[in-house]
Structure formats: structure tokens, C-alpha cells
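Computed from the coordinates by the stated procedures, all read-outs in this text should not be read as laboratory data. Here the structure is a predicted model, which is why all the values come from computation and not from measurement. Cβ: placed from backbone, ideal geometry, glycine included. Neighbour counts: every protein chain shown.
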Amino acid sequence: MVYMATRPTAKIDDSAQKQTSELRYVARQPILDLHSRVHGYELLFWNGRKPFVRADSDLATRTMLDNSVVFGLEELARGLPAFVNCTAESLTEEWVKVLPPDMTVLELSSSAEPTPYLLAVCRKLKASGFRLALADFTGRLESGPLANLADYIKVDIAKVDAAKRRNLLDWLGGTPACLVAQNVETQKQYEQTRKEGFELFQGYYFCRPEPLQSHKIPGNRLVHLEIMEDLQNAPVDLQRMSQLVMCDASLTYRLLRLVNSPVCAMRQEVTSIQSALMLVGESAFRRIAMLAIASDFSIDQPPEILRMAFERGHFCELAANLCGLNPSEQYLIGMVSLFPAMLRILPEDLVRLLPLREKARDALLDKEIPEGILLRWIVCQEYGNWAECDEIVRSNGLHHDQVMRCHADAVKWAEEALKSNA
């Protein structure tokens, strides 16, 4: 998910400008491929009144298109395909031409009437470089002409059961479209839809890997947990920390890469763990050590889960000052919140292994305490539960714009961290 500060604009018309100026959230929802790589992002907008500003009205579509221009698809979608919801009118009136064709997937509801004019416009837009997605596909015969033109066909598995999906996929067997399963929220759903023949998957199933029964954490990762324990000490025992880190060559490499990267903003290179700790200071060393540990924990998981961990950690750290919380502890809470998914163990099993304060452990177990409000906010943001985000802000005396600024900064920082970790 990503937030960009809202700015009033008059690129399309005054009514769109009014809604744009009231816009509260701009978000992205990842779409992953069969190899757990992010294929693209669906862009979502919220103005504080409806759960999502999707393509259910021409005004919503104009606002969405206008903001896509203002905020920039390159930044919103990280240079990957951006799925933008549209109405039939936005296509026939050619409003979508404000967007870059090579980066944009025009997402049209399958309930749109496939008039000869709409079909001709779709062919023309595709010829100019746009791709077309057909959303909420249910197999209506009337959708056939649009399905034949679509580059992507999306099926909402929350609305279409397995038996009907099998019939749909049989019917779509002759189309060249890439099949996308929407609302995939568990590993079981992912495995099922993968077997059915879907090629792309939209949902947060990758944040919920099934815990392995009798799963033992590998020895080197137990060392990482021991490092996390020592990082809670003040001051850090320099010699002991260096020895612990050097017990794992992969972690040593990752840590030195991060110290020498823009994430740390060092002006001189370091070649040892001891010199890194001395030069960057304990506070910065704790942060980059956690980055390195998270990178190692996520090595067998989709890269998107690491980006989310980076984003959560830095957001909680930045926003901690807004509500009188400890930034270092909040950074830890945000980052560690995705460790159970990375290690495939239950959250309650993980917190027993970590040297955290009881309040921090309770926050990770989603108990309603002050130490958990920032983690709760960013999880709601990821899942598009923006009304709950606003309620958290309101009930804790926070300011919406300040929280949003922290999130925007965390998104940018997470992208830099990912590049440094590559």
C-alpha cells in the first residue's frame, strides 16, 4: 500500500477537482505471479466516504484517472503494470489517454455492455499500447466479446465457488487472456486456485503461510534471534555482537551491504561488523541489523513480504513520536510482525523466543493496547480497511496528515531498502 499527499487539481473538471481535494488515501494492492513475484498493482483510492473509489461512477473514474496523473503511475506501481479501474464511458470518451499506455492496464467491469462502439474503442486503445482487464468475471454470455479482447480476466473467488470456477476456466480455455484470482487470502485458496489454472493472484495470502507442525527454527536463525536479544541491551556489547553476526556469512554480507547503502547514508565504506557498529552508532546499527535479519528470514518467501516488513517497521518508528511511544521498540514491533509468516510459525510461538517487553509481545499478538495502535493502523491500511484507519487516528488524538506523511516516507524508505538488499 502507498499513500501520497493529496493535491487539488483541475485536469479534468471541477467536480473531479472537488473529489480529488477530498481524497484521503491512494493505495496499491499487489498481484503476484506463479513464482511469487509482483506482476503489477491495482490502484485504489478512498475519499473518506466509500470503502474504495472504484469505477462505479464516471466521477470516481475521472478522479482516479486525474490522481493517477498527479501522483505518477511510475511511483505508485514501482514501474510495474498499473491496473486502473475504468467505466465504459471513460474508455469511449478517451479520458484514459492521459495515462502512459505501456504502464497501464485498463480494468473494466464484466457487467459493461459490449456495444460495437465500446469494442471498437477497446481495440483502438489496445493498438495504442494499453492492456485491458475484465474484472469480476462470472461467465455471462454477454461478456464474451470483451473476454475475447481482454489481456487479463479476473475472477473473484469470494463470489464464485470452485465448481463454477472450473466451468469458467473451461469456457475461457480458448482465450489468450491471463487469468487472475481475486481475494486470495489463505495458502489453501492459493494452492486451490493455482491447481485450477489461474496464473496471477491478488490478495494477502503470502502474509499467511501455513505454520509447519513441529517446525524447528534452523540453527542460524536461532543465532539471529540471539542477536535480536543482544540488540535490546544498552550499550551493545561490541565484541559479542561482532562474533554473533559473523556466525552467519549470509547475514554478515547483508549487513555490510546495508551499512554501505543509501539506507544508512554512510560517507565511508566499512569492511567489518565492529567498524560498522562504531561508525554508525548503536541506534542505526540496531535498525540495519534488523533489516538484515528480516532479509534472511524472508529468503524463501515472496519479495513483497520483505517490502511490507520494511514498510511496517519504518512507519511504526516514524509515527512513534506522534503518540509518545518508543521509536526503537515500535520499529521492532512493525518489522517482527511479519516474522511468523516468514518463519512459518505461530505468532505466540515466536514471541516466546523474543526478548521483548510484555507490552511489545501483546502488540504483536494484536491486543488492544497503546503499543499496538501503529501496527494495527498499517495492517488496516494494507487491507484497505481505511474507515478503521481513520477511527484509530481519531480515537488516539492523532492527525491524519501527519500519519500519512509518516507512511509516505516509510514507503519510499522501504523501496530504498529493497534496492540496497538486492
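Side notes on the structure shown:
- Peptides ranked, highest mean first, by Cβ atoms within 10 Å: ranges 373-382, 323-332, 157-166, 189-198: 373-382, 323-332, 189-198, 157-166
- If the segment from LEU346 to ASP230 were pulled out straight at 0.36 nm per residue, it would be longer than the present Cα-Cα gap by 39.5 nm.
- Here the simple spin-label model places points 7 Å from the Cα toward Cβ, and for ALA127 and CYS323 these points are separated by 5.5 nm.
- Coupling constants for segment 395-405 follow from the phi torsions by the Karplus curve (6.51 cos²θ - 1.76 cosθ + 1.60, θ = phi - 60°), and in residue order they are 6, 10, x, 8, 10, 3, 5, 5, 5, 4, 5 Hz; glycine and proline get x.
- Spin-label pair GLU388/LYS159, simplified geometry with 7 Å Cα→Cβ offset, distance in nm: 2.2
- Rounded to whole Hz, the Karplus (6.51, -1.76, 1.60) HN-Hα couplings of segment 316-329, x for glycine and proline: 4, 5, 5, 7, 4, 5, 6, 10, x, 9, 6, x, 5, 5
- In this label model, LYS412 and LEU222 are separated by 4.3 nm, measuring between points 7 Å along each Cα→Cβ vector.
- Derived scalar couplings between HN and Hα for segment 361-372 equal 4, 5, 4, 5, 8, 6, 7, 7, 9, x, 5, x Hz in order, rounded to whole Hz, by the Karplus curve 6.51 cos²θ - 1.76 cosθ + 1.60 (θ = phi - 60°), x for Gly and Pro.
- Pairwise inverse Cα distances across segment 77-148, averaged and inverted, put the Kirkwood hydrodynamic radius at 12.3 Å.
- Neighbour-count ranking [beta-carbon atoms within 10 angstrom, fewest first] of SER143, SER242: SER242, SER143
- Extension gain, ASP362-GLU75: 0.36 nm per intervening residue step, less the Cα-Cα distance, totals 99.8 nm.
- Once the mean of 1/r is taken over each pair of separate Cα atoms and inverted, segment 219-421 shows a Kirkwood hydrodynamic radius of 17.1 Å.
- In this structure the amide hydrogen of GLU42, modeled in the peptide plane, comes within under 5 Å of the amide hydrogens of GLN29, ILE31, PHE83, none closer than 5 places in sequence on its chain.
- Remark on SER110: its backbone amide H falls under 5 Å from those of ALA135, a criterion applied only to residues 5 or more positions apart or on other chains, H modelled at 1.01 Å from N.
- Ranked list, fewest to most other Cβ atoms within 10 Å of each Cβ, for ILE273, ILE345: ILE345, ILE273
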